[in-house]
Amino acid sequence: MTLPRIRILATGGTIAGSASSATDATGYRAGTASVDELIASVPALRELADLSGEQFGQLDSSDLTDALLLDLARRVQQLVDDPWVDGVVVTHGTDTLEETAYLLHLVLSTEKPVVLVGAMRPATALSADGPRNLFAAVTVAVSPATLGRGVLVVLDDEVHTARDVTKTTSLGVHAFASPYGPLGVVTDGRVAFYRSVDRPHTARTEFGIPEALPRSAVLFAHTGLDAASVEALDGVDVIVHAGFGNGTVSARLVDALDAARARGALVVRASRVGSGTLTVVGASADAANRWVAADDQNPQRARLLGALALTVTRDPAEVQRIFHTY
Ligand code: SIN
């Protein structure tokens with residue numbers, strides 16, 4: 001029997017991290033183990049897939065940049081365009097995994113499985129979760145049921161869509177969750193899907209992989225945040241305001257954000273609360289200010305969608321349509 005050909009693209013992270021002691025799960029260096037060592041740590045992978053490894057980087061994911069994300073997207077696109085590759089598993093640090101996954105979900109043109117996986121404990125730790133997560137990720141990547149589901153994130157036996165998943169806790173292996181629940185679960189080397197994502201992705205988006213992304217920043221609202229913080233973002237093309245509740249913007253900031261919009265910046269109103277949908281005309285009168293509401297996207301994903309939107313339009317109404325579409 002021929003096994004599916006899966007490329008493992010390693011970027012670093014805790015899944016490839018090492019500490020000086022097996023009892024140390026936090027004082028470690030991310031991204032030290034090579035992709036070959038990761039693969040060798042799970043001999044059972046060879047029963048699932050015809051595997052090959054590739055070292056994209058050995059980074060702590062907090063050091064990724066938009067330029068590196070686009071390089072990664074180009075490399076994954078090359079791989080899925082190769083008829084000899086049936087699917088790609090990207091090993092990644094958990095800290096920014098959701099951002100990479102979401103960008104890939106929006107810009108890749110493929111029906112093939114693309115699965116991101118990380119770990120919360122370094123490879124040297126007692127009960128390291130990386131090997132189990134990697135086995136689950138490859139299980140998902142080889143399953144015919146995965147085709148056409150967009151970019152997926154696999155950790156702690158759960159399969160999440162890149163559209164929704166977010167890291168919800170700083171330590172502990174059950175670190176990722178989706179507001180509408182996982183798409184499926186992995187049990188004993190088999191994946192079962194229970195739902196799918198309605199919003200377009202991968203082969204069905206209007207985005208390609210751009211040469212570069214416009215400059216963007218997230219401004220986190222808090223009591224006392226002042227207009228000078230907005231003014232300091234002069235030159236930033238996408239300002240995501242992670243506001244209160246339904247994306248509320250303090251009256252202190254309205255003029256500065258409107259001035260940013262008037263100089264051509266895209267202003268996106270998101271919420272710092274962690275879940276829920278924003279109404280278009282909330283407490284901040286977006287329509288009057290020509291700001292855009294982030295729908296249900298968290299600020300870090302809204303930043304990416306806003307930046308991609310600017311690669312196809314500068315019309316705020318069109319950008320609002322994009323947020324309501326994806
Ligand atoms: C990282 O994101 O690269 C380090 C933390 C982790 O992988 O959990």
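What to note about this one:
- The mean sequence distance of close C-alpha pairs (under 8 Å, at least 6 residues apart), as a share of the length of the chain, puts its relative contact order at 14 percent.
- Other residues whose C-beta falls under 14 angstrom from the C-beta of Val35 contribute a net charge of -1, scoring Lys and Arg +1 and Asp and Glu -1.
- Long-range HN-HN contacts of Thr248 with modeled amide H, under 5 Å: none
- In the context of the full set of protein chains, region 5-204 has a per residue accessible area of 39 Å² (1.4 Å probe).
- Applied to region 69-75, the Karplus parametrisation 6.51 cos²θ - 1.76 cosθ + 1.60 on θ = phi - 60° returns per-residue 3J(HN,Hα) values of 4, 5, 4, 5, 4, 4, 5 Hz, with x for Gly and Pro.
- Close amide H pairs (under 5 Å, H built 1.01 Å from N) link Val90 with Leu9, Val115, Leu116, Val117, residues at least 5 positions away or on another chain.
- Cα centroid of region 137-153 to Cα centroid of region 185-202, whole Å: 7
- Dividing the mean sequence gap of close Cα pairs (under 8 Å, 6+ apart) by how many residues region 59-213 holds gives a relative contact order of 24 percent.
- Loop-located GluC sites (Glu not before Pro) in region 203-300, at most 16 other Cβ atoms within 10 Å (DSSP): Glu206, Glu211
- Inter-label distance, nm, simple model (7 Å from Cα along the C-beta direction), Gln78/Ala317: 4.2
- The loop-placed trypsin sites (Lys or Arg not before Pro) in region 260-326, going by DSSP, that have at most 13 neighbouring Cβ atoms within 10 Å of their Cβ come out as Arg263, Arg314.
- Within the chain, antiparallel bridges make up roughly 30 percent of the DSSP beta bridges whose residues both belong there.
- Reference-scaled alpha-carbon Rg (2.2 N^0.38 Å with N residues) for region 43-184: 0.97
- Accessible-area composition of region 216-325, carbon plus sulfur, in percent [1.4 Å probe]: 53
- Ordered from longest to shortest, the equivalent ellipsoid semi-axes for region 245-326 are 17, 16, 11 Å, each the square root of 5 times a Cα gyration tensor eigenvalue.
- Potential lengthening between Glu211 and Arg190 on full extension [0.36 nm per residue; Cα-Cα distance subtracted]: 3.7 nm
- The 1.4 Å probe gives accessible areas that order Tyr326, Tyr28, largest first, as Tyr28, Tyr326.
- Region 1-136, relative contact order in percent, only Cα pairs under 8 angstrom and at least six apart counted: 36
- Restricting the calculation to Cα atoms, every distinct pair contributes to the Kirkwood radius of the chain, found to be 20.2 Å.
- Accessible solvent surface per residue of region 216-325, calculated while the other protein chains remain in place, 1.4 angstrom probe, Å²: 39
- Ratio of the Cα radius of gyration of region 1-109 to 2.2 N^0.38 Å, where N counts its residues: 1.11
The values are calculated or read from the model by the stated rules, or taken from the named source; none is laboratory data. Quantities reported herein were computed from a predicted structural model and do not represent experimental measurements. Positions of Cβ are backbone-derived with ideal geometry, glycine not excepted, and every protein chain shown enters the neighbour counts. Only protein heavy atoms, including side chains, enter the accessible area calculation; ligands, DNA and RNA are left aside. Shrake-Rupley method; radii C 1.70, N 1.55, O 1.52, S 1.80 Å.
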